[in-house]
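The values are calculated or read from the model by the stated rules, or taken from the named source; none is laboratory data. Keep in mind it's a predicted model, so treat the numbers as computed, not measured. Methodologically, a virtual Cβ is constructed for each residue, glycine included, from the backbone with ideal geometry; neighbour enumeration extends over all protein chains shown. Areas reflect the complete protein model, heavy atoms only, side chains present, ligands, DNA and RNA absent. Shrake-Rupley method; radii C 1.70, N 1.55, O 1.52, S 1.80 Å.
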Amino acid sequence: MTSRDDDRVRAIAFHLPQFHPIPENDRWWGPGFTEWTNVTRAKPSFVGHDQPQLPTEMGFYDLRVADTRARQAALAREHGIHGFCFYYYWFSGKRLLEAPVEAIRESGEPDFPYCLCWANENWTRRWDGAEREVLMAQRHLPGDDERLIADLLPHFRDPRYIRVGGRPLFIVYRIGVLPHVREMTERWRAAARAAGIGELYLCAAKTFDTGDATVHGFDAIVEFPPHGLRTVRMNDRIELVDPQFGGTVVDYRQFVVDCVTTRDPSYMLHRTVMPGWDNTARRGPNALVFANASPEVYELWLREVVARARTRPPGERLVFINAWNEWAEGAHLEPDRRYGRQYLQATKRALSYGEAAGESAFMRALASAA
């Protein structure tokens, strides 16, 4: 790792691999199902609701195609993104949606940094990881800890794999559903050392039930908006076009203010921003929708997060973006028909921004953008 890698802020975008068919999805949702199936069916629920959200220059791609993966990496690199964090769907040795990342590992292409996040919750029909209508369950069987690390070793050895101080970065999406977490992280670390990998840099995503995960042997926490939502809903300020809508609408601008004014905790917290959120494509009239999202407000948010990251120790200056391509959840940097490349361009500007604007300056800039 060069000194430049140590000093700079590295932006890592979460990447969803569910853009190719698999036999399990064929059985559960119908032949040929991919994330695009839901995306194209979305409809607006209120006046000004931006649905469906559809891609432009990347098109309705298939991640099994090498050229698609290369184009994604080139587009991300062009706009200052350091690497992708791919979701890793692992169920006691059974993997789902593994084809894209395994093709990347085996081929060596594209030459673009990546890391993995274990999406360790139940796969459910409601897309929420709860116990209802479970399609693929997380069992947490004896021996799983060692088996998981053994399956990850080929990635940890990849020269493109993202490291923090030389340690492979691995994120766990939901530690609250795992038994004996401290013992688990100790076994992971021991297995990695025994395999010659050395130390791991373990992060817990701050999702449903994450507190200070460092007490369980993790090195840091990664924010995961919109988890932790506390912004007041604005349903009384919208004009419905779908009388069946019973979801929640939140002001994205106010959410950004609430996030920025939250103080950093005593443990290491890597901040995360999101370009928007609208899971209408998955949840229909029960969606969570962030209204008033824009590239301008997103850029202000990312600028502040980047400025905070610069105060971290060298090597740990990470920021995360949720997400690169969560099209069914309305959280994507990839160009769409409304904004084109504007979110990518805002990302590039924010990553090159200088010092923190300060809270009052941030508020003035936010008011101007709104």
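Using a 1.4 Å probe on the protein chains only, how many percent of the accessible area of the stretch 34-97 belongs to carbon and sulfur?
52 percent
Please list Y353, Y252 in order of solvent-accessible area, largest first, computed with a 1.4 Å probe with all protein chains present.
Y353, Y252
Counting other C-beta atoms within 10 Å, and keeping those with at most 14, which DSSP coil trypsin sites (Lys or Arg not before Pro) do you find in the stretch 145-195?
Passing sites in the stretch 145-195 are R157.
Test of the criteria: in the stretch 35-119, which trypsin sites (Lys or Arg not before Pro) are in a DSSP loop and have at most 15 other Cβ atoms within 10 angstrom of their Cβ?
Numbers: sites: R41, R64, R69, R71, R77, K94, R95, R105; in loops: R41, R64.
Filter output for the stretch 35-119: R41, R64.
Please calculate how many Å² of accessible area the stretch 197-324 carries per residue, with a 1.4 Å probe and no DNA, RNA or ligand atoms counted.
For the stretch 197-324, the per-residue accessible area is 37 Å².
Normalised radius of gyration for the stretch 261-321, please: alpha carbon Rg relative to 2.2 N^0.38 Å, two decimal places. Present the calculation step by step, with values, prior to reporting the outcome.
Values: Rg = 14.6 Å, N = 61, 2.2 N^0.38 = 10.5 Å.
Cα-based Rg divided by the globular estimate yields 1.39.
Given the DSSP H assignment, sum -39500 (n - 2.57) over each helix run of at least 4 residues in the chain and divide by its residue total; what's the result at 222 nm in deg cm²/dmol, nearest 500?
For the chain, the value works out to -9000 deg cm²/dmol.
From the square roots a ≥ b ≥ c of the eigenvalues of the alpha-carbon gyration tensor of the stretch 11-61, which class results: rounded (a/c under 1.5), prolate (a/b over b/c), or oblate?
It is oblate, given that a/c is not under 1.5 and a/b is not larger than b/c.
In what order, largest first, do S45, S107, S266, S352 sit by accessible area if the probe radius is 1.4 Å?
S266, S352, S107, S45
For the chain, rounded, prolate or oblate, judged on the Cα gyration tensor with a ≥ b ≥ c (square roots of eigenvalues), a/c < 1.5 rounded, else prolate if a/b > b/c?
Verdict is rounded for the chain.
What's the extension gain from R233 to N286 if we count 0.36 nm per residue and subtract their Cα-Cα distance?
17.7 nm
For the chain, which span is the longest to avoid every loop-located (per DSSP) member of GluC sites (Glu not before Pro) having at most 13 other Cβ atoms inside 10 Å?
Result for the longest clean stretch: 240-354.
For K43, which aspartates and glutamates qualify as cross-link partners when the Cα separation must be under 12 Å and same-chain residues fewer than eight apart are set aside?
Within the straight-line limit of under 12 Å, K43 reaches these aspartates and glutamates: D242, D278.
Once the convex hull of the C-alpha atoms of the stretch 89-243 is built, how many Å³ does it hold per residue, rounded to a whole number? The partial results should precede the final answer.
Values: hull volume 25.7 nm³, N = 155.
Each residue corresponds to 166 Å³ of Cα convex hull volume.
Using alpha carbon coordinates only, what is the Rg to Rh ratio of the stretch 120-191, with Rh defined as the Kirkwood radius?
Ratio of gyration radius to Kirkwood radius: 1.02.
Alpha carbons only, please: Rg and Dmax for the stretch 172-328, in angstrom.
Every Cα atom of the stretch 172-328 included, Rg and Dmax give 18.2, 60 Å.
What dipole magnitude, in Debye to the nearest 20, does the chain give about its Cα centre under +1 on Lys/Arg Cβ and -1 on Asp/Glu Cβ?
300 debye
At 0.36 nm per residue, minus the direct Cα-Cα distance, what do K348 and A190 gain on full extension? Give it in nm, one decimal, please.
Numbers: separation 158, 0.36 × 158 = 56.88 nm, distance 3.87 nm.
Full extension of this stretch gives 53.0 nm more.
Measure of size requested: the Rg and Dmax of the stretch 72-141, with Cα atoms as the atom set and Å as the unit; please supply both.
Cα-based Rg and Dmax for the stretch 72-141 come out at 14.9, 43 Å.
Quick check on the stretch 1-103: take the gyration tensor over C-alpha atoms, sort the square-rooted eigenvalues as a ≥ b ≥ c, and tell me if it's rounded (a/c under 1.5), prolate or oblate.
Numbers: a/c = 2.09, a/b = 1.29, b/c = 1.62.
Oblate is the answer for the stretch 1-103, as a/c is 1.5 or above yet b/c matches or exceeds a/b.
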